[in-house]
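The values are calculated or read from the model by the stated rules, or taken from the named source; none is laboratory data. Keep in mind that this is a model prediction, so the values were computed, not measured. So basically every Cβ, Gly included, is an ideal-geometry build from the backbone, and we count neighbours across all protein chains shown.
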Amino acid sequence: MTRPRKKTPPPARPSARDLALRLLGRVEEEDAFAEILLDRTLEREDLSSPDRRLLYELTLGVLRWQARLDHFLGQVTDRPVAKLDRTTRRLLRLGAYQLLMLEKIPAAAAVNEAVKLAPLHARPYVNAVLRSLSRQKDRLTLPDPETDPTERIAVTESHPAWMVARWVRELGAAEAEALCRANNSRPGLTLRVNTLRSAREELLEKFRQTGIAAEATSLSPLGIKVLQHAAPRDLPGWAEGLFAVQDEASQLVGMLLAAAPGERVLDACAAPGTKSLQIAQALAGRGEVKATDRNARRLGLLAEEARRLGLGPIRVEPADWTGAKELGPFDRILVDAPCSALGTLRRHPELKWRRRPEDFAALAELQKKILVNVSRCLRPGGLLVYATCTYGREENEEVVKELLESEEFALADAADLLPAPARRVVTQNVLRTWPHRHGTDGFTAHLLRR
């Protein structure tokens, strides 16, 4: 008589802490984006609602507060945090974040769970450091603001010192600190109403009837802020295509183009296509939107979203604008250029640690090539919007300078094409939004007329 085989138990599901550690590793070693990894992980893993929230909290929290965590860890370790191996360093940050920044997690749980995730050889060290941190957390110190104000901001608000120094020069210490603090805030969910299918007040009423806390945005007449944690797909109206996800500042950049039915419009650096969809909405099925980008895969998402929103056809074409193209003429062109993206640090905190001072010159050269080549496709009298989600002159004023000096293009006043509430974000004819001033992503946009 044969004995029945023992059933092999299914592998244990990874915990939220385990998943957070893996994602932090991929962000650091693969230059992946945390937000994308989180979305994919939540689609794949069957996590409870508390674990889903914990995964988000740990992953983004460690990335936001990395410099502050390292500063405090350095006060209880026997070696510089930067000299530790990557896995141990990530585990210590994960444990430190729970011990120092999350009041509801017991210290014993934070330490024990970190030790369980550590390789066997590293467990004694991880245990010792985190227990020491827990005991001494009321005696930890921050840099003296009198000795080095920039270092104090860099550590307290967790930004690279070179980045803080740059903003202190440009904005002053008080505003630079306010910007850094805003970068560490958690951005809420902002929607753009699909006005071809719903009015803003109608969608707000639908949310009210289903218990969703939301309010109209103050700058964009198309926007809604959702005032509670919610996945876009779970909101009423998603399946019917009543809205798209888009930050309020991004909506203003799309409005600045002032596209009208019947026009030909080019979105030259379109992926993932949020502004292309906004342009198509403005054209209301009459005219043409051509969306180009070097990343053909990301362009594919645009067509899928256009179908959900019920928008007219958008012509999608992979294109590298570092070389000249025979396209056009177009009535309106948007160049939402690849940039340092420092205006999106609320959403992508990993970029703080990925960017380097030397990046700006290389990005500016790329932006100039793209802008000059794209500008040739604009008809005389047409409008071109050059936009970046960052602040510095080298990626903005210095890039458009060549076109303006050619006398073929003139700088138009962005305020003329924005709704009245949004005109306050225009200074010296240029649209500029800031997280700490406007509660939006940081964008700079120049409006050029040929």
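Within the stretch 342-382, the residues that satisfy the criterion of being assigned to a strand (DSSP E or B) and either among the small types (Gly, Ala, Ser) or surrounded by 22 or more Cβ atoms within 10 Å (Cβ to Cβ) (or both) are Leu378, Gly381, Gly382. Going by what's in this entry, would Arg22 be described as outside the structural domain of Arg355 (by TED's automatic domain parsing), over 18 Å from the mean Cα position of the chain (by Cα) and in a helix (DSSP H, G or I)? Judged against the criteria, Arg22 is a match. Residue pairs whose Cβ atoms lie under 9 Å apart, sitting 6 or more positions apart in sequence or on different chains, and linking a residue in the stretch 76-88 that is assigned by TED's automatic domain parsing to the domain that holds Leu133 and within 20 Å of Arg131 (Cβ to Cβ) to a partner that is surrounded by 10 or more Cβ atoms within 10 Å (Cβ to Cβ) and polar (S, T, N, Q), are Val76/Ser132; Val76/Gln136; Thr77/Ser132; Leu84/Thr77.
A quick yes/no check of all residues on (1) over 22 Å from the mean Cα position of the chain (by Cα); (2) crowded, with 18+ Cβ neighbours inside 10 Å:
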position: Arg135; (1), (2): yes, no
position: Ser158; (1), (2): no, yes
position: Arg166; (1), (2): no, yes
position: Leu189; (1), (2): no, no
position: Glu202; (1), (2): yes, no
position: Pro232; (1), (2): no, no
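Condition test on Ser158, is it on the phi > 0 side of the Ramachandran plot and at pLDDT 95 or above? Against the criterion (on the phi > 0 side of the Ramachandran plot and at pLDDT 95 or above), Ser158 qualifies. Residues in the stretch 417-445 that are out of contact with any Pro (no Cβ under 9 Å at 6 or more places or on another chain) and assigned to a loop (DSSP other than H, G, I, E, B): Leu418, Gln428, Asn429, Thr433, Trp434, Phe443. Consider Arg181 carefully, then state whether it is free of Cβ contacts under 8 Å to residues at least 60 places away in the same chain and surrounded by 16 or more Cβ atoms within 10 Å (Cβ to Cβ). No; evaluated as a whole, the condition is false for this residue.
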